[in-house]
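Worksheet: one structure, shown below.
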Amino acid sequence: MEKLERYRKIIKDALAYYLEIINQHPKPNKETEVVFDEERDHYMLINTGWEQKRRIRGTTFYVRIRNGKFWIEEDWTDRGIVPELLAAGVPKEDIVLAFHAPEMREYTEFALA
């Protein structure tokens, strides 16, 4: 349980960090929000708003904690969230790049599942 609580704190801190960076350059009619569900361990950074009469919505990050590992489902940042996880002491075998097809994960240096 200690590991799970530590991983929850790591991901929430990382998302708060990215939100702070994004909020340094706010865009009119657009919002970025941190959304998390600790009961099911889903963590997201989402964007909503309007641009030239068009609805804007999208996910910057979507990370799950599943079976004691971080599952990076979506990551649309320049650098990616993985360096933040590694810097926080998360071992590579506890990080799954779930946005890669299962058969491609063996070519990364991270967990297969």
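The values are calculated or read from the model by the stated rules, or taken from the named source; none is laboratory data. Just so we're clear, the structure is a prediction, and the values are computed from it rather than from any experiment. Methodologically, a virtual Cβ is constructed for each residue, glycine included, from the backbone with ideal geometry; neighbour enumeration extends over all protein chains shown.
Is there a residue being among the aliphatic types (A, V, I, L, M), modelled with pLDDT of 95 or more and surrounded by 12 or more Cβ atoms within 10 Å (Cβ to Cβ) anywhere in region 21-28? Taking every residue of region 21-28 in turn, none turns out to be among the aliphatic types (A, V, I, L, M), modelled with pLDDT of 95 or more and surrounded by 12 or more Cβ atoms within 10 Å (Cβ to Cβ). Does region 43-65 include one or more residues that are loosely packed, with under 11 Cβ neighbours inside 10 Å and under 18 Å from Glu5 (Cα atoms)? Looking for residues that are loosely packed, with under 11 Cβ neighbours inside 10 Å and under 18 Å from Glu5 (Cα atoms), one finds none in region 43-65, hence no. For region 72-93, the condition of being buried (at least 18 other Cβ atoms within 10 Å of the Cβ), touching a strand residue (DSSP E or B) at 6+ places or on another chain (Cβ under 8 Å) and in a loop (DSSP other than H, G, I, E, B) holds for at least one residue. Against the conditions (1) part of a strand (DSSP E or B); (2) of a type in the set (Ser, Thr, Tyr); (3) at pLDDT below 95, Tyr17 satisfies every one except (1).
Only residues that are in contact with a Gly (Cβ under 7 Å, 6 or more places away or on another chain) and small (Gly, Ala, Ser) were counted in region 44-59, giving 0.
Scan region 61-73 and tell me whether some residue there is among the hydroxyl-bearing types (Ser, Thr, Tyr) and within 12 Å of Leu15 (Cα to Cα). Among the residues of region 61-73, at least one is among the hydroxyl-bearing types (Ser, Thr, Tyr) and within 12 Å of Leu15 (Cα to Cα), which makes the answer yes. Taking first residues from region 84-110 that are within 23 Å of Leu4 (Cβ to Cβ) and partners that are hydroxyl-bearing (Ser, Thr, Tyr), the Cβ contacts under 7 Å between residues at least 6 apart in sequence or on separate chains come to Leu97/Thr108.
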